Structures are given as structure tokens and as C-alpha cells.
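Colleague: Sharing a structure, written as C-alpha cells. Questions coming.
The values are calculated or read from the model by the stated rules, or taken from the named source; none is laboratory data. If you're wondering where the values come from, they're calculated on a predicted model, not measured in any experiment. In this analysis, Cβ positions are derived from the backbone assuming ideal geometry, glycine residues included, and neighbour counts consider all displayed protein chains.
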Amino acid sequence: MLPGLMDLPRLSQNPRDPAFAADPYPFYARIHALGGAAFWEEYGIPVVAAHARVNAILRDRRFGRVNPLAPPRPPGPFAAYEAASLLERDGEDHARLRRLLARAHAARRIEAMEPEIAALADGLIDRFADRGHAELMSAFCLPLPLLVVARLLGAPEEAAEAMRGWTEAMVAPYAFAPPPAAAARADEAAAAFRAFVDDLLDRRRRAPADDLLSALAAAEGEGATREEIAAAAMLTVAAGHEGAAHALASAILTLSAAGAAPSEAAVEECLRLDPPLHLFRRFAQEDVASFGLSLKRGGEVGLLLGAAGRDPGRVERPEAFDPARPEPAHVAFGAGPHFCLGAPLARLELRVALSRLFVRLPGLRPAAPPVREDRYHFRAIAALEAEWPLRG
């Protein structure tokens, strides 16, 4: 037992319990009631729920994504992807790569996508609008972010389903108690994805276009390695569709229940109330005695993003949807050095896609409770049946 952890209240909650997947917020409320931090027995680590502490740890460079004491991973395509990924870098190495990639995620490129996102959303809605009902995860929430990220990259849209399969396999090892075959499937997916991305990057080097792949290809000559560039393209797909799909579904549930329009403020409130990612893990890069924790170098802490948005010490009526709040008070995209590079695209995508959906389908409401997935740390939805009155 690390010094200081014995002082934390110890709580047990199986992350794979269907009741927890349906509603994790009572568990988070228990942590808030105990002072905003606890030792989560099943994970075997301290977790922090208080907004101020989650936000501060995300910004504190004494904590990082990488465990400085972890042994090298067994070699393989997935390990090679992780080693080259921005997501698994800290310090100056992370800052160097992030500066290069931030240029590729130029604001003008993201802002210019608004008409495309609206057209893609309308194209999907056209397929089911006259039926009066649809399963929205498969018909809208999952395909839209995939099509958007394919457009952003400059990847062929017909490859969207393959990219989805690769990224789902590569995300699986991060879940609580992943199945034994998850590592092998992640290796297979990473190898196939890397070959796909390498081919596209080679094409962009020969014939650049105004897309993210061309910008990434150009960055290879500016201080980024080929492995880092390929990993950045793969991460763009993984981060750009998985979280966005579940954020879309959760926002549909929230907005339809509230009868609210999907304004910018409403989107931010949806992200506070029910974000797609609920747990970030950080490792102490040195001995740390702060935030009510005492961790040795290499010690791990879990940051409960979903709980932070509902901190009653930060937010009045935290369970209520209120887009008029003076401050959104959420960390759905993280904070600090690892703040999500894709946040501007995600915000634009949510606002535009939700606007098109509720304008085109007035009266949209769930037809049944959503089917939740056993995929914590995601707040994942497997199926969302919806219905709306037909006009005329």
C-alpha cells in the first residue's frame, strides 16, 4: 500500500455491472459525499471526482500519461503505434509533436467543414426520415463521425467501416478487464491500419491536397518521424469517431428529454452532464503529495471526468440540464498538456449534427431505454431506438 492511500475511503463498484453502465452517477455521488476522492477497489487505484482536483491534476506536469516505471511492452504493431502516438508522450517530446500536429488541425480547416458536416448529416437522415423510427446508433451516431473524419483526413469514405473496426479493436485493451484475445486483435488491427495509412500518406506526398493527411505528410520533413505521422493519423480516426458517436447519442437523450434546442451552450451542458469518456488515468512522474494524495513515482490515479462535471461543490443542481449556467464546468476534453486536439471539430460536429437532426425530425424522442455497452471507461451506447411523428 502506497503511503497516504490508506487514508482514503475505500469503495467497491464493479465497472461491468449493467446497473453501473446504465447509471454510474450514484457511485460518483458517493465519492463526492466522501470528500471528492476514494480508493476504487476493483481498479486498485485512488480516483478523484472533485472538479477542481481533476482539472488541476490534468494540468500538473508532475502527472503524465506514461508510467515511468512500466517495463517495455512486448513488441508488436499495437505497441509500435502506442510508442509513436501523441497520446502516449509526455514532457518536451509530447510538446514537440503536439506543435507539429496542431498546425495540421488548423482552425480554418475545421471551420470550413461546417457545410460538409451538415450535408453528411442530411444524407444520413434522408435514409430514415420518412419511416418515423430508427435505431440511431447504427443509422446516424456512428456513421456520421466516421464520414466526417474520413473527409477531414482525405481518406476514401468507403473505408469508413474498416477504420471503425480497426479503432474498436485498438481501443479494447484500455477497457476494464479486457478479454484475453483483445491484445492479439489490437495487433492485427494496428498492422492493417498502419498499412492503410502508409499507402494514403505516400499518395499525398506525390499529390498533396487540402486535407489533414497532406498536412501530416508535410510535417514529416519538419521534425516528425514517419511512425509519429502514421500514429497521428490513426489516433485522429480513433479519437475522432468513438467519443463523438457516444457524445451524439447522449446529447440526443438529454436534449429530447429537456425539449431543448442544440445551441452551443446546450452542447456544452450535454458534455458536462454526460460526457463520452469517464475515466482518464495518470501516473506520477515523481513523488507527489498533493490533492489529498500521496503517491510515489509511478503511482497511478484515476480522474473521473464524468463525476467532475457533476461536482456539487462546483455546480448548482448538478443533475439538472441547464444551458444557461454561467460556466459549463466540464473536463470532457481533458485539460492541460493533453487537452484534446480534436475538441474544436467535436464541438462543431455536435452542434451541426444535432441541429440537423432536430430540425429535420421535430418531436424526436427515445422509443425505448438506450442499450448500454460493457465498455467502461466509455459511457457507451450500443443501441438507441427513436421515433418521431410523421408530417402530412
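Colleague: Let me confirm something: among A346, A307, which residue is within 22 Å of C141 (Cβ to Cβ), crowded, with 18+ Cβ neighbours inside 10 Å and in contact with a helix residue (DSSP H, G or I) (Cβ under 9 Å, 6 or more places away or on another chain)?
Modeller: Only one candidate passes the filter, namely A346.
Colleague: Could you run through region 99-111 and say how many residues are crowded, with 16+ Cβ neighbours inside 10 Å and part of a helix (DSSP H, G or I)?
Modeller: 5
Colleague: To continue, here is another question. Inspect region 155-171 for any residue being of a type outside the set (F, W, Y), closer than 19 Å to A106 by Cβ and under 24 Å from the mean Cα position of the chain (by Cα) and give the result as yes or no.
Modeller: Yes, region 155-171 contains at least one residue that is of a type outside the set (F, W, Y), closer than 19 Å to A106 by Cβ and under 24 Å from the mean Cα position of the chain (by Cα).
Colleague: Still on this structure, I have one more. Has region 122-134 got any residue that is within 21 Å of L341 (Cβ to Cβ) and assigned to a helix (DSSP H, G or I)?
Modeller: Within region 122-134, none of the residues are within 21 Å of L341 (Cβ to Cβ) and assigned to a helix (DSSP H, G or I).
Colleague: Among the strands (runs of 3 or more DSSP E) confined wholly to region 276-332, which include 1 or more residues that are charged (D, E, K, R), modelled with pLDDT of 95 or more and within 26 Å of E88 (Cβ to Cβ)?
Modeller: Those strands (runs of 3 or more DSSP E) span 279-284, 300-304.
Colleague: Just need a number here: residues in region 207-255 that are farther than 24 Å from F378 by Cβ, among the charged types (D, E, K, R) and not in a loop (DSSP other than H, G, I, E, B).
Modeller: So the count comes out to 5.
Colleague: Is there any pair linking a residue in region 178-196 that is surrounded by fewer than 20 Cβ atoms within 10 Å (Cβ to Cβ) to one that is of a type in the set (G, A, S), with Cβ under 6 Å and at least six apart or on different chains, and which?
Modeller: Note: pairs meeting the criteria are P178/A172; A182/A172; R185/A169.
Colleague: Restricting to region 112-133, and then to whatever is acidic (D, E) and under 18 Å from L248 (Cβ atoms), can you tell me which residue is surrounded by the fewest Cβ atoms within 10 Å (Cβ to Cβ)?
Modeller: This residue is D126.
Colleague: Which fully enclosed helices (runs of 4 or more DSSP H) of region 15-92 have 2 or more residues being buried (at least 19 other Cβ atoms within 10 Å of the Cβ)?
Modeller: 25-33, 51-59, 77-84
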